[in-house]
Amino acid sequence: MFIARVIGSAVSTKKDEALTGRKLVILRPLLVDESNPTQFRPGANTVVAVDSLGAGLDEVVLFCQGSSARQAAGMKSLPIDAAVVGIVDSVEVLGKKIYPAAK
């Protein structure tokens, strides 16, 4: 599993039939910053994932890739490579809460 922020959505009118009615979100993976492990830094890539949980823009989520994504999301017959499998409430690293950020 990986942590990511929802940065957008994708709409595709022509797609594999099995994906009809599925919400697609664009994710930016988040990494724990090595120079400052009390915060995330965005990864360099983006991932399109199927979201069956209803994550919203700017939410932090857990996602899986590969065959794990299909199994975890109960979508074994779908042609997907990434799926949102959780919406994150909080993250603690080295005894410090890094998400949500202190206000």
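None of the figures in this text is laboratory data; all of them are computed from the coordinates on show. Here the structure is a predicted model, which means the values were calculated and not measured. When we count neighbours, we look across all protein chains shown, and the Cβ atoms used for this are built from the backbone with ideal geometry, even at glycine.
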Please list, or write none, the lysines whose alpha carbon is within less than 20 Å of the alpha carbon of residue 23, excluding same-chain residues fewer than 8 places away.
-> 14, 15, 76
Before rounding to the nearest 500, sum -39500 (n - 2.57) across all DSSP H runs of length at least 4 in the chain and divide by the residue total; then give [θ] at 222 nm in deg cm²/dmol.
-> -1500 deg cm²/dmol
Kindly rank 43-49, 31-37 from highest to lowest mean number of other beta carbons found within 10 Å of each residue.
-> 43-49, 31-37
Of the peptides 24-30, 94-100, how do they stack up when ordered by the mean number of other Cβ atoms within 10 Å, highest first?
-> 24-30, 94-100
Surrounding charge for residue 67, neighbours by C-beta under 13 angstrom, Lys/Arg +1, Asp/Glu -1, total +1
Only Lys, Arg, Asp and Glu count, each charged at its Cβ (+1, +1, -1, -1), so figure out the dipole size of region 17-103 about its Cα centre, rounded to 20 debye.
-> 60
Note the full-extension length gain between residue 39 and residue 10 as 0.36 nm times their separation in residues minus their Cα-Cα distance, in nm to one decimal.
-> 7.7 nm
Rounded to the nearest 5, the percent of DSSP beta bridges in the chain running antiparallel is 95
Charge dipole (debye, nearest 20) of region 1-61; +1 at Cβ of Lys and Arg, -1 at Cβ of Asp and Glu | 200
Once Lys and Arg get +1 and Asp and Glu get -1 on their Cβ, which of 19, 85, 36 lies farthest toward the positive end of the dipole of the chain?
-> 19
